[in-house]
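Remarks on the structure that follows.
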Amino acid sequence: MIVIRSKAARDVLRCVIPFLLIPAVVLLGAAVFSEKRHAFVSLAVAGLSVVLFLTGFERQKTGSRRLVIVSVMTALAVVGRFIPVLKPVAAVTIMTAIYLGGESGFLVGAMTALISNFYFGQGPWTPFQMLAWGLIGLFAGLLADPLRRNRVLLLVYGVVSGIFYSMTMDIWTVMWYGGGFDPQLYKSAIIAAIPHTTAYVVSNVVFLALMADPFGEKLDRLRVKYGV
């Protein structure tokens, strides 16, 4: 496994990749490339997500252990997408990020979208899902300490994450429908998506409430035991 040993390089990549490079790739992909080339955009986002994950550790042994746990969490999130109506994807992503770091959370969110869409359908919407779930994980990692200590704050974050995911996907809806970004059309898309947004919010709150103690306890043990 490749390890990025320079702390300065890791710090730069942690900011540039999720907040500049990946959003640029997603938006340019939607605006410039045809729908038939969406796979290249998704693969580019996946590659950048892996590089971001590599910035989260300094030692190869630690990174390998974390990768195993992240792979298991990704598998759980992928399986969770098959649950009708309520989906635990964001909740699994958030729990991963809180205990294993924002970079791990981003990778779980992004790869869950990519892998599960081989069943649910790949398309130009996949990179937007990867970005949305990835950022939900990244910010959860940045807020890890308060989210671990305060259950109410964790549930509030679940609510905000559901709204954020829906509004991010609305950007894709507008770009797909109008061929570009139209603020008025975006407002209409947000209003039309209220039922879906509500489902995302409820899913996050329900699964975070159910997972906070059992998943938190197990992930915390793994984090301490294996030093990840």
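Quick notes on this one:
- Condition check for Trp176: among the aromatic types (Phe, Trp, Tyr), surrounded by 16 or more Cβ atoms within 10 Å (Cβ to Cβ) and farther than 21 Å from Val85 by Cβ: no
- Residue satisfying all of: in the stretch 81-109; more than 10 Å from the chain's Cα centre (by Cα) and free of Cβ contacts under 8 Å to residues at least 60 places away in the same chain; farthest from Phe53 (Cα to Cα) among these: Pro84
- Given (1) surrounded by fewer than 13 Cβ atoms within 10 Å (Cβ to Cβ); (2) closer than 30 Å to Arg66 by Cα, number of the condition Val206 does not satisfy: (1)
- For the stretch 47-56, a residue qualifies if it is aliphatic (A, V, I, L, M) and surrounded by 21 or more Cβ atoms within 10 Å (Cβ to Cβ), and the qualifying residues are Leu48, Leu52.
- Elements of type helices (runs of 4 or more DSSP H) in the stretch 110-209, at least 1 residues being under 16 Å from the mean Cα position of the chain (by Cα): 126-142, 144-149, 151-178
The numbers here are math on the coordinates, done by the rules we state, and not lab data. Nothing here was measured: the structure is a model prediction, and the numbers come from that model. A quick note on method: Cβ atoms are made from the backbone with ideal geometry, for glycine too, and the neighbour counts reach across all protein chains shown.
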